[in-house]
Amino acid sequence: MFPTVREVLALDPVRHGAPRVVAGDEGLDRPVRWVHVAEVPDIATLLGGGELVLTTGIGLPGDDAGLRAFIGDLADVGVSGLVVELGRRYVSGVPRVMAAAAERRGLPLVELRRATPFVRITEAVHALIVDAQLTELRATEEIHQRFNDLSVEGADAAEVIRQAAELSGCPVVLENLSRQVLGYDPAGESAELLLDGWEQHSRRIRPAGRTAYDPDSGWLVTTVGARGQDWGRLLLRWPASGDVPSARAVEPTAGPPTRLTILIERAASTLALGRLIRRDAEGLERQIHRTLLTALLDHSRPVDEVGLRAKALGVVLDRRHLVGVMVRHRADDPAGEVGPEAGQARLRDLSEAVGQALREAKLTALTSAVDDHSVGALLALSDPAAEDRALSAFASALRRVRLDAGTGRPGPGAEPARAATSTDVSRPGADASRAALGADPSRAGFGEAVRAGVDGSRGAGPGAVIVAAGSGVSTLREARRSLVEARQIAEAARRDRRDLPIFRLPHVGLAGLLHLLRDEPRLQTFVERELGALLEYDARHPREQLLDTLRAYLEQGRNKSAGAAAAHLSRPAFYERLARIARILDVDLDSVEASLSLHVALLALEAVRTP
């Protein structure tokens with residue numbers, strides 16, 4: 001935003017002095033932060049860089065070595081240029097030794113061949129600088145206003161990134177803690193080139209600080225997160241062309257303008273705030289429309305209050321054996337169903353089927369839709385020994401209800417029982433929920449939505465459902481753990497093609513759970529802590545790929561001979577690589593505990609990298 005040396009030379013007061021560039025032409029595009037008049041040789045100690053120095057030369061050294069030292073000191077401190085008025089000390093031109101020294105250091109050296117009042121030059125340049133500062137201030141105000149509007153409007157991440165790229169004119173990338181791209185805007189550049197090999201490239205971007213510029217890579221980086229929980233990084237490439245070396249050649253101390261630092265920080269704050277608002281808004285909606293079950297999941301109400309309100313509904317949760325259950329379709333968008341209305345109708349129908357199955361199995365429970373794809377239930381059993389029997393009865397009843405709905409016949413045992421749904425909490429809330437869904441909750445609609453998936457009500461067909469159950473707990477305070485576990489099992493079971501009436505934790509295994517948790521920042525932090533140093537090494541040495549060596553070693557049960565064969569390496573080479581891995585990660589690969597931790601981290605890394 002500051003004027004350049006070239007622009008200063010074009011000002012009328014400078015042109016009046018008949019300027020002539022005698023050295024350092026390549027530095028004429030350096031920005032001028034200030035103008036300083038000096039007539040002493042040791043002026044460099046008083047400068048901070050970016051100044052245009054004006055002098056008549058009357059106080060400069062008379063020997064060649066002194067002149068070289070004077071030019072060297074100015075270049076070292078980072079001045080923008082040196083302007084010498086002829087006539088007082090130097091008549092026909094500046095000394096050749098001065099011009100040669102300036103040329104070697106790339107320092108613009110300008111002669112004024114006609115006497116010119118320096119005050120007019122300083123006034124003109126400082127006016128440009130003040131105007132540039134005002135322009136910068138206006139740009140900063142626009143940034144604040146733009147992102148304030150985005151926060152108020154609840155803009156999604158894609159819009160925030162687009163606005164950041166538009167305001168800066170630079171490519172912008174949002175990534176998670178595992179260096180996976182969550183969103184980007186190339187700002188008119190090639191997206192393929194921008195994202196090619198992104199993970200390895202990103203691992204080489206290591207700025208110092210929460211918001212900092214990495215001059216080696218040309219990326220301005222800030223951390224994204226709130227409430228002490230970081231979940232990503234926002235990166236802006238400056239200069240936009242990515243030609244960082246040329247930028248450093250113009251000005252060694254150059255970094256992004258202050259407005260870009262403000263912009264990326266405001267964009268990161270908007271992203272973090274938007275994530276919090278969406279989460280809180282969804283929690284509030286569930287409190288109103290999805291009842292006490294979701295309140296347990298979101299911690300949006302005290303547990304004691306949930307127990308009291310559930311008891312008022314006729315569902316006693318105190319002193320009961322509680323089991324969390326989640327029911328969801330295997331496919332989010334099966335063939336033939338397009339648009340949000342179809343998905344909402346399908347979810348509503350599944351919620352009705354779950355409620356009816358609970359009544360048919362004569363089970364007491366809280367139940368409702370808990371997200372866009374799942375219906376949850378919290379079973380309250382008087383006898384812990386009846387857990388397996390109750391779950392089996394529910395799964396069988398659910399299948400019958402869905403089959404009967406598909407043929408248009410009401411399911412047997414449809415008499416009212418003690419299953420509290422979201423529509424049981426309050427009639428106004430229930431009506432509002434149905435209105436928000438925008439569909440007629442008729443039994444005919446229920447039959448139509450399910451009919452296409454009757455043949456696949458179990459198994460892997462498009463209409464198949466998954467019933468998942470968490471571990472039983474003895475207190476309401478532990479109920480959330482059972483519900484969350486059931487949700488995790490249901491998500492992980494979507495990768496399992498087996499036809500099981502009920503999925504429990506032992507069925508999905510570690511890999512399934514890690515795949516489910518792949519978006520969890522704490523899991524990504526664990527991967528970075530365990531494998532980050534090795535991933536950074538591989539990024540710097542792409543031909544070695546020590547991560548594959550570690551994987552072969554661990555997958556072969558720490559059998560080095562088998563690992564060498566699996567990695568297609570000689571045993572000495574394999575052993576040497578293992579020793580290097582141990583040094584990089586600072587671990588003992590012969591330790592069972594350390595190897596187990598690394599193996600889990602590898603599985604988690606695969607889960608993070610797998611869509």
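The values are calculated or read from the model by the stated rules, or taken from the named source; none is laboratory data. Every value quoted in this text rests on a predicted model; they were computed, and no experiment measured them. Here the Cβ positions follow ideal geometry from the backbone for every residue, glycine too, while neighbour counts run over all protein chains shown. Ligands, DNA and RNA are stripped out before the accessible areas are found, and what is left, the full protein with its side chains, is counted by its heavy atoms. Shrake-Rupley method; radii C 1.70, N 1.55, O 1.52, S 1.80 Å.
What to note about this one:
- Residue match in the range 86-97 (condition: small (G, A, S), buried (at least 16 other Cβ atoms within 10 Å of the Cβ) and either under 26 Å from L128 (Cβ atoms) or at pLDDT 90 or above (or both)): no
- In the set (1) more than 18 Å from L260 (Cα to Cα); (2) open to solvent by 20 Å² or more (accessible area, probe 1.4 Å), G106 fails one condition alone, (2).
Residue-by-condition table, conditions (1) in contact (Cβ under 8 Å) with a residue 60 or more places away in the chain; (2) farther than 27 Å from S217 by Cα; (3) open to solvent by 70 Å² or more (accessible area, probe 1.4 Å):
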residue	(1), (2), (3)
D538	yes, no, no
D548	no, no, yes
A562	no, yes, no
P572	no, yes, yes
V587	no, yes, no
V600	yes, yes, no
A604	yes, yes, no
A607	yes, yes, no
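- Flag: H201 does not match the condition of being open to solvent by 30 Å² or more (accessible area, probe 1.4 Å), closer than 18 Å to I262 by Cβ and out of contact with any Asp or Glu (no Cβ under 7 Å at 6 or more places or on another chain).
- Applying the condition of being of a type in the set (D, E, K, R) and open to solvent by 50 Å² or more (accessible area, probe 1.4 Å) to the range 522-536 and asking which residue is nearest to D586 (Cα to Cα) yields R529.
- The requirement of being in contact with a Leu (Cβ under 7 Å, 6 or more places away or on another chain) and either within 30 Å of L534 (Cβ to Cβ) or assigned to a helix (DSSP H, G or I) (or both) is not satisfied by I129.
- T45 over 17 Å from A132 (Cα atoms), in contact with a strand residue (DSSP E or B) (Cβ under 8 Å, 6 or more places away or on another chain) and among the polar types (S, T, N, Q): no
- Considering the range 119-150, the residues that are modelled with pLDDT under 85, surrounded by 12 or more Cβ atoms within 10 Å (Cβ to Cβ) and β-branched (V, I, T) include one that is farthest from the chain's Cα centre (by Cα), namely I129.
- Qualifying residues in the range 574-585 (those that are closer than 16 Å to L535 by Cβ and touching a residue at least 12 places away in the same chain (Cβ under 8 Å)) - the one least open to solvent (accessible area, probe 1.4 Å): I581
Here is a yes/no grid of residues against (1) more than 30 Å from D25 (Cβ to Cβ); (2) touching a Leu at 6+ places or on another chain (Cβ under 9 Å); (3) of a type in the set (D, E):
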site: E123; (1), (2), (3): no, no, yes
site: T140; (1), (2), (3): yes, yes, no
site: D149; (1), (2), (3): yes, no, yes
site: P171; (1), (2), (3): yes, yes, no
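- Check on D332, modelled with pLDDT under 90, closer than 22 Å to D499 by Cα, open to solvent by 20 Å² or more (accessible area, probe 1.4 Å) and acidic (D, E): yes
- Of all the listed residues (L516, L535, L523, L550), the sole one being touching an Asp or Glu at 6+ places or on another chain (Cβ under 7 Å) and either among the β-branched types (V, I, T) or in a helix (DSSP H, G or I) (or both) is L516.
- Exclusive hit being modelled with pLDDT of 75 or more and closer than 23 Å to E159 by Cβ, set T294, T270, T258: T270
- Restricted to the range 277-291, and to residues there that are out of contact with any strand residue (DSSP E or B) (no Cβ under 6 Å at 6 or more places or on another chain), at pLDDT 50 or above and of a type outside the set (K, R), the residue that is farthest from E175 (Cα to Cα) is D280.
- Extreme residue, nearest to A102 (Cα to Cα), among residues of the range 1-37 that are open to solvent by less than 10 Å² (accessible area, probe 1.4 Å) and over 44 Å from the mean Cα position of the chain (by Cα): A23
- Filtered by the rule that a residue be in a helix (DSSP H, G or I) and among the basic types (K, R), the range 8-34 gives a lone residue, R15.
- Considering the conditions (1) surrounded by fewer than 16 Cβ atoms within 10 Å (Cβ to Cβ); (2) farther than 30 Å from S396 by Cα, R495 is excluded by exactly one of them, (2).
- Here the range 208-219 is the region considered, the condition is being under 16 Å from P239 (Cα atoms) and part of a loop (DSSP other than H, G, I, E, B), and the residue that is most open to solvent (accessible area, probe 1.4 Å) is D216.
- Within the range 187-218, the only residue that satisfies the criterion of being in contact (Cβ under 8 Å) with a residue 60 or more places away in the chain and acidic (D, E) is E199.
- Residue list for the range 553-572, filter: more than 20 Å from A601 (Cα to Cα), in a loop (DSSP other than H, G, I, E, B) and not hydrophobic (A, V, I, L, M, F, W, C): H568, S570
- Residue check, R543 of a type in the set (K, R) and without any contact (Cβ under 8 Å) to a residue 12 or more places away in the chain: yes
- In the range 166-205, the residues that are in a loop (DSSP other than H, G, I, E, B) and at pLDDT 90 or above: G169, C170, P171, P186, A187, G188, E189, R204, I205
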